[in-house]
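Below: one structure, written as structure tokens.
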Amino acid sequence: MASEAANIAHLTIPIDVRAGDATRARGSLIVASAAVAFSTAGLFTRLIPVDVWTMLFWRGLFGCLLITGYVIWQQRATTRAAFAAIGRDGLLIAACSTVATICFIAAFRETSVADVTVIYATAPFIAAGIAGSGPENARATPPWRRAASPCSASW
């Protein structure tokens, strides 16, 4: 079987058992690069001497161009179908991401980077609380444990 599932804290994660050390190293490099890039957001937001809306415009424009270029590069002939497949749910997620980016960048201008980072670090716990608040999850794993499980899985 080429792919197995690992059950970590009630999360099913597909794992390709054929993936070798090179694939794992590449994945680790990509994650580390993303962490470094994301961690510099506060620094660059504070250093760029323009207003928030100008910064958001240029950030959005370059992000749109890069993502569109990546989709065109990956999908080639089926680019239109790939964008059409986003659907209503994809547009809702894009809208939520847009609002989150506006709040994230504006927060750097209104308070310290440390304050924004602490608030941003609580997001997994808030998401777990929202996900576990329904009646169908009354006897399930406590939300705080689901939120902490990715942290404990890496130890």
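Values quoted throughout were computed directly from the atomic coordinates according to the rules given, and no laboratory measurement underlies them. Remember, it's a predicted structure, so these values are computed and weren't measured experimentally. All Cβ positions, even for glycine, are placed from backbone atoms using ideal geometry, and neighbour counts span all protein chains on display.
Stretching the chain fully between Ala85 and Phe57 yields a gain of 7.5 nm (0.36 nm per residue, less the alpha carbon separation). Label-to-label distance for Asp115 and Leu47 is 2.3 nm, based on points extended 7 Å past Cα in the beta-carbon direction. Residues Leu56, Leu43, ranked from the fewest to the most other C-beta atoms within 10 Å, line up as Leu43, Leu56.
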